[in-house]
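Below you'll find the structure, written out as structure tokens, and then a few comments.
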Amino acid sequence: MKSLKLAELVGEGDLVEAGCVPKSDRSKKPYEEAYALHAAVVDAPAAQFNIELLASQLGFECAYPSAFGKEYGTKDHTKFGGPDPQAFSLCSSLIGRIESYLGAPEFSPILKPGSTPNLLEEIMNWLGNPDYPVLRVSLKNLSFRAEIREIAANGIARFLLAQARNGVFAEQPLLVCLDEAHQFLDKSIGDDYSRYPLDAFDLIAKEGRKYSLGLCLATQRPRDIPDGVLGQMGTMLVHRLSNDNDRRVVERAAGDIDRSAAQFLPSLAPGQALLLGIDYPIPLVIQVTPPHHKPDSRGPDYQKMWAAVSDGEDANVEEDQPPNSQQEAEVSQDG
């Protein structure tokens, strides 16, 4: 990827061919000089590169680190060696996976966005527009495969944290609301030999306050939120909790909650919540005002739907022919 980032900066020429940086049997000097000149940009996480050339560049990287010298048994360290078939064989499965991901349609919104506006640029444009106080980012069109939703959300959070560290929100504090937070916290990608933590939201919870970057978490599974993150939450709004593990997590996170207040949690009515935090000397039971545009959170009406299915099947049975036991069992099983 560093080679592709360097190719993006240098452009076509002696070092770059068709967007890639060939290395077999080539002098190291042009590459080392270009890298030294652009090291700060190439090593930056946000440096641009053409991901569609990643598989090709990986093949070019499979070269011996040094060429053979003119004398037998010596090495010429000023040049890369020829193609390394063993290294290419070890990388062949990785190259295949990269090409598979690049060709998969579910990854197109991330890997091949085409004319879709850049999300990070849209966020920065929104920050400078006072007419729109809220920006909603939906991940519903992203695939669940290969943790791509978690990676995308973590990338957005890391971008916001970098902007906060640069003082962008010093005069205009930003609050990030993360719905279904248990899906994005305490996550990592990779295998047993190489793990990469997706910890951007964890870092925002722990250090974002001093950069005027706040975090609001919404979840139905408090037990899946790390204790270190819950401990940073100054205010908690808790709706009905029937699971013992969830209640214990809330009690640990809110040190001032007493047993009498905790007993309210399983019996709270719809729309009721327990408000507790550092700004409230005692826990308060509040009633949330219903929204003007209520979300459709109802589940399926099993009795109505199954009854319709049963009625439809009964209508196909002739009236003068009583249903046998097998038919009755099938209707009963369907509802």
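Where a number appears in this text, it was derived from the coordinates with a stated rule and is not lab data. Keep in mind that what you see is a predicted model, and the values were worked out from it rather than measured. Heads up, the Cβs are rebuilt from the backbone with ideal geometry, glycines too, and the neighbour counts pull from every protein chain shown.
Any idea which of Phe68, Phe60 is of a type in the set (Phe, Trp, Tyr) and either within 30 Å of Ala157 (Cβ to Cβ) or touching a Pro at 6+ places or on another chain (Cβ under 7 Å) (or both)?
Phe60
Residue-wise test of (1) within 24 Å of Asp179 (Cβ to Cβ); (2) of a type in the set (Gly, Ala, Ser); (3) over 26 Å from the mean Cα position of the chain (by Cα).
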residue: Ala205; (1), (2), (3): yes, yes, no
residue: Thr219; (1), (2), (3): yes, no, no
residue: Asp224; (1), (2), (3): yes, no, no
residue: Gln232; (1), (2), (3): yes, no, no
residue: Asp246; (1), (2), (3): yes, no, no
residue: Leu274; (1), (2), (3): yes, no, yes
residue: Ile286; (1), (2), (3): yes, no, yes
residue: Lys294; (1), (2), (3): yes, no, yes
residue: Ala308; (1), (2), (3): no, yes, yes
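For Arg145, indicate whether it is farther than 26 Å from Leu6 by Cα, of a type outside the set (Asp, Glu) and in contact with a Leu (Cβ under 6 Å, 6 or more places away or on another chain).
It is false that Arg145 is farther than 26 Å from Leu6 by Cα, of a type outside the set (Asp, Glu) and in contact with a Leu (Cβ under 6 Å, 6 or more places away or on another chain).
How many of the residues in the stretch 211-229 are within 26 Å of Lys140 (Cα to Cα) and not in a loop (DSSP other than H, G, I, E, B)?
Selection size over the stretch 211-229: 10.
Listed residues Ala40, Ala34, Ala87, Ala7; which is free of Cβ contacts under 8 Å to residues at least 40 places away in the same chain, buried (at least 17 other Cβ atoms within 10 Å of the Cβ) and either in contact with a Cys (Cβ under 6 Å, 6 or more places away or on another chain) or part of a helix (DSSP H, G or I) (or both)?
Answer to the selection: Ala34.
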